[in-house]
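Below: one structure, written as structure tokens.
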2 protein chains.
Amino acid sequence: MALKYALLSCLNESRATGYELTQLLRERMGNVWNASHQQTYRELAKLRDEKCVTFEEVPQSDKPDRKVYAITERGRGDLAEWVNEPSERPRVRDPLLLKMFAGELWDIANLKAEIEGHRIHWQATLDRYLAIESRYFSDPENLPFHYRLQHLALLRGIDVNRSWLEWSDNALSVIEKEK
Amino acid sequence: MALKYALLSCLNESRATGYELTQLLRERMGNVWNASHQQTYRELAKLRDEKCVTFEEVPQSDKPDRKVYAITERGRGDLAEWVNEPSERPRVRDPLLLKMFAGELWDIANLKAEIEGHRIHWQATLDRYLAIESRYFSDPENLPFHYRLQHLALLRGIDVNRSWLEWSDNALSVIEKEK
DNA sequence: TCGCGCATGTAAGTTGTTACATGATTTA
DNA sequence: TAAATCATGTAACAACTTACATGCGCGA
């Protein structure tokens, strides 16, 4: 449902191909919205039908042709309408936390390995977000308002990954004592 | 997919009806796994077919009959297998954060109202989790291991809601300056 | 030569949401 | 008297995932 608006938000900043949109969601907006490339292409086809986006085919000699999408007035209208409607909190569905409720069924070595594996991922993601911050948002006080809002979204990503790192250290020390 | 294991985890602790399982997911496990009652009933029917659960009909005079479900050996086996397999991180899809990427389309009063609305919810959820903590996990050091793991899951819920509260204060002060 | 990045999609299946449906008792 | 709680589901639809499909260029 909101994938529509995720794509329109990106296209509202600048035109892009389906491939680039998929990358954007995975990288810069990884802590905000996620979609596979299949989902992205399907949604773009729908947005074309709804006349929320237009596209231009750009032939390339060495690589496959690119379809560069752009937002239309109608697309911007839909986006503005959605933005001003109240939205709900996403529902949490976290398999790792769920596993904490099947305690006595764990092989403790597996539990430790799993948390350590995720820990590496959280550290890498945190580093990535911190790099984005220092590149684009190093002086937040003096940024234009709409960049400040984007910075607020990024701050969530930073905070969430930091707090998972702390949590994993805590969890690992609990496990260590049990061994 | 993991809804199966969410239900089996609950039933592994104690037998329950579909209604009670739905409540459990919403309340005690709200920061772990969410499912509507329709999903729960559908999944329970599937688990019955797979012989992962059995049920017993308990007639009631004043209220509708209860179907009390219990986990089977096969269900426990499936759960133990799943628990020891590595799992992936859930993909983030947060409409509120997404809205931060459509900055200039906001009516600033709507943005402020939306964040304030969510803030009330985060505060209430935090209070609820803190109440659970003080009731069941007030002395974590001396708890049996499988309760310590459940406490770790609860700590995530506490931390996440605390950090959203801080975030919303930060966001509201950014908005205040812009007005 | 094997995999990765670029670039696009289709098809089938699973999971999750929304709407509909019933009906008694308790609480405001 | 209206709404909430208890208690169960079905049906239709929307969203998301997984597997399949193609093909070139580049670097290890």
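Just a few scattered comments:
- Unique residue being in contact (Cβ under 8 Å) with a residue 60 or more places away in the chain, surrounded by 14 or more Cβ atoms within 10 Å (Cβ to Cβ) and either touching a Phe, Trp or Tyr at 6+ places or on another chain (Cβ under 8 Å) or on the phi < 0 side of the Ramachandran plot (or both) when the list is B:Leu47, B:Leu24, B:Leu11: B:Leu11
- The stretch A:42-68, subset touching a helix residue (DSSP H, G or I) at 6+ places or on another chain (Cβ under 6 Å) and away from every other protein chain (no Cβ under 14 Å), residue farthest from DNA strand C (Cβ to nearest atom): A:Lys51
- Take the conditions (1) without any contact (Cβ under 8 Å) to a residue 60 or more places away in the chain; (2) among the hydrophobic types (A, V, I, L, M, F, W, C); (3) within 14 Å of chain A (Cβ to nearest Cβ); (4) touching a helix residue (DSSP H, G or I) at 6+ places or on another chain (Cβ under 7 Å); B:Met1 misses just one of them, which is (4).
- Of the helices (runs of 4 or more DSSP H) lying entirely inside the stretch A:17-109, those containing at least 1 residues that are aliphatic (A, V, I, L, M), within 11 Å of DNA strand D (Cβ to nearest atom) and not assigned by TED's automatic domain parsing to the domain that holds A:Ala171 span A:18-26.
- Exactly one residue among A:Pro86, A:Pro90 is loosely packed, with under 14 Cβ neighbours inside 10 Å and either in contact with a Gly (Cβ under 9 Å, 6 or more places away or on another chain) or free of Cβ contacts under 8 Å to residues at least 24 places away in the same chain (or both), and that residue is A:Pro86.
The values are calculated or read from the model by the stated rules, or taken from the named source; none is laboratory data. Since the structure is predicted, the reported quantities are computational estimates derived from the model, not experimental observations. In this analysis, Cβ positions are derived from the backbone assuming ideal geometry, glycine residues included, and neighbour counts consider all displayed protein chains.
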